[in-house]
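**Q** Here it is: the structure, laid out below.
The values are calculated or read from the model by the stated rules, or taken from the named source; none is laboratory data. Keep in mind it's a predicted model, so treat the numbers as computed, not measured. Backbone-built Cβ (ideal geometry, glycine too); neighbour counts: all protein chains shown.
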Amino acid sequence: MKNQSRILKFFKSKEDILFPVLDVALNGLNYFFHIFVSWYISPQSYGILNSLLSISAILFVFGISMQTYTAKITASQKKQDGCIYCVLSDSAVMAAAVGSVYFIMLPMLLRITRSSLFSLATLFLIFAVNAALSIFRGYFQGSTRFFLLNKSFYVEVFVKIVFLTSFMGFFPDLNTALISILIGMTASLLHAYLNLKRIDGFEFKKLQFSKNSLKNTYSSASKIFASNFFLYYFTSIDMITVNYLLPQHSGPYAVMLRYSQITHFIIFSVITVFIPYLSQASSDMDFFKAKVKRHLFFISAIAVFMLLNYTFTFPYTVAAVFGQDYLMASSMLPLGGAAYSLLAFSFYLVNVFIVLERKNHVSILFASSISITLLYALMHKNIYQILRVSILTYSGMLILLSINLSKELNTSEPKD
């Protein structure tokens with residue numbers, strides 16, 4: 001009972017504890033999605049699918065950024081009554097701009113992903129639905145309605161898997177997987193809309209477009225976007241590189257990523273709970289620093305536990321789960337797990353910078369993204385060389401972020 005009370009004190013409520021638990025379980029369902037798809041398509045097609053999903057991860061930065069921005073202004077009780085209308089209106093304009101860039105880049109994306117125009121068009125529709133859905137989820141997150149946030153994710157994944165298992169046997173193609181993702185997100189968007197309408201009387205007719213509102217939203221959200229863009233770029237560029245330069249190994253590498261990103265998913269779920277409370281504590285620097293230290297200790301425990309599994313447990317499950325064609329992935333897991341553990345720590349530190357409304361970390365992320373891209377281009381003799389480049393880059397990035405954050409916490413006060 002004492003341990004339970006300590007955990008409750010750490011997370012503030014049972015709902016806070018259940019969110020990361022349910023979110024991690026949800027990622028188990030997402031892993032079934034990937035396992036099921038890998039049974040029906042070839043390793044190279046599976047590599048292409050994961051390359052497309054890596055492109056979508058970069059596109060999702062827009063949605064993640066708007067979710068974080070909506071959560072932040074909702075949690076801080078600024079513009080709470082009408083914030084969701086403002087953000088939805090403004091995001092529609094900004095999403096149209098992102099879409100224009102996407103269509104300009106279509107010829108290059110076709111070549112890099114080795115996919116089809118239909119696949120990339122489906123990917124854009126997924127982006128558009130995700131942009132609106134993320135704002136609703138940000139409102140749930142900022143108002144600490146974590147059960148609704150969980151339900152939103154579960155609706156998406158459940159509908160996606162039902163569609164996939166119903167049609168993949170008849171249409172064994174990567175596009176069936178993409179369509180299932182689109183249908184799942186659309187169902188989740190409808191679920192979020194109905195809940196907002198029921199709870200807060202949300203109505204789309206209240207949306208209003210304002211130049212001043214758009215300017216303010218863009219100014220605040222662009223800082224979050226810049227921070228998130230680079231981190232999601234890091235989780236995507238390696239898969240895109242392998243699919244383009246080492247296509248014969250893209251399938252096993254994609255499986256290795258599925259395992260390695262477990263750490264990222266777990267820590268991301270915990271960070272989702274931490275962000276509103278960091279925002280609320282930002283007016284008291286001593287209290288804020290104490291929270292950061294406690295969070296880092298908790299994240300460290302997760303990372304150590306996962307690294308032990310990447311070394312001693314997970315490698316023995318690859319062939320049984322994905323099949324002998326993907327066996328090569330088992331030898332990559334310790335290096336992949338180490339790389340994504342470092343990246344997960346960086347992700348938390350960047351969120352602390354975002355809460356403090358600082359932007360000096362963006363230059364570190366930018367320099368690291370340039371470095372890793374150039375190093376991949378120069379050093380891609382084999383898969384293991386790419387993994388070593390990842391570890392080297394993420395280690396340097398984490399060190400620089402830690403130094404800068406330490407200076408911020410010790411020499412300045414957060415902005416209101």
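**Q** Considering (1) hydroxyl-bearing (Ser, Thr, Tyr); (2) at pLDDT 90 or above; (3) under 17 Å from Leu164 (Cβ atoms), say which one Tyr31 fails and leave the rest.
**A** Tyr31 satisfies every listed condition except (2).
Condition check ((1) surrounded by fewer than 22 Cβ atoms within 10 Å (Cβ to Cβ); (2) over 15 Å from Ser56 (Cα atoms); (3) in contact with a strand residue (DSSP E or B) (Cβ under 7 Å, 6 or more places away or on another chain)) across all residues:
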| residue | (1), (2), (3) |
| --- | --- |
| Ser116 | yes, no, no |
| Leu125 | yes, no, no |
| Phe136 | no, yes, no |
| Gln141 | no, yes, no |
| Arg145 | yes, yes, no |
| Gly169 | yes, yes, no |
| Ala177 | no, no, no |
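**Q** Here's another thing I want to ask about it. Being of a type outside the set (A, V, I, L, M, F, W, C), modelled with pLDDT of 80 or more, part of a helix (DSSP H, G or I) and over 16 Å from Gln261 (Cβ atoms) is the requirement here; does Gln44 meet it? Spell out how you get there, then give the answer.
**A** Working: of a type outside the set (A, V, I, L, M, F, W, C): yes; modelled with pLDDT of 80 or more: yes; part of a helix (DSSP H, G or I): yes; over 16 Å from Gln261 (Cβ atoms): yes.
Yes, satisfied.
**Q** Go through Phe366, Phe297, Phe322, Phe347 for me and flag whichever is of a type outside the set (A, V, I, L, M) and over 24 Å from Tyr232 (Cα atoms).
**A** Working: Phe366 fails: over 24 Å from Tyr232 (Cα atoms); Phe297 fails: over 24 Å from Tyr232 (Cα atoms); Phe347 fails: over 24 Å from Tyr232 (Cα atoms).
Checking each option against the conditions leaves just Phe322.
**Q** In addition: It is to be established whether one or more residues within segment 299-306 are more than 28 Å from Arg145 (Cα to Cα) and crowded, with 20+ Cβ neighbours inside 10 Å.
**A** yes
Residues are listed down the side, and each one gets a yes or a no for (1) of a type in the set (S, T, N, Q); (2) assigned to a helix (DSSP H, G or I); (3) farther than 27 Å from Phe268 by Cα; (4) modelled with pLDDT of 85 or more:
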residue: Thr144; (1), (2), (3), (4): yes, no, no, no
residue: Phe147; (1), (2), (3), (4): no, yes, no, no
residue: Val155; (1), (2), (3), (4): no, yes, no, yes
residue: Ser219; (1), (2), (3), (4): yes, yes, no, no
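**Q** Could I ask something else about it? Scan segment 342-376 for residues that are farther than 30 Å from Ser283 by Cβ, out of contact with any helix residue (DSSP H, G or I) (no Cβ under 6 Å at 6 or more places or on another chain) and free of Cβ contacts under 8 Å to residues at least 60 places away in the same chain and jot them down.
**A** Correct list: Ala367, Ile370, Leu374.
**Q** Yes or no: segment 264-277 includes at least one residue that is surrounded by 23 or more Cβ atoms within 10 Å (Cβ to Cβ), of a type in the set (A, V, I, L, M, F, W, C) and either in contact with a strand residue (DSSP E or B) (Cβ under 9 Å, 6 or more places away or on another chain) or within 22 Å of Gly47 (Cα to Cα) (or both).
**A** Among the residues of segment 264-277, not one is surrounded by 23 or more Cβ atoms within 10 Å (Cβ to Cβ), of a type in the set (A, V, I, L, M, F, W, C) and either in contact with a strand residue (DSSP E or B) (Cβ under 9 Å, 6 or more places away or on another chain) or within 22 Å of Gly47 (Cα to Cα) (or both), which makes the answer no.
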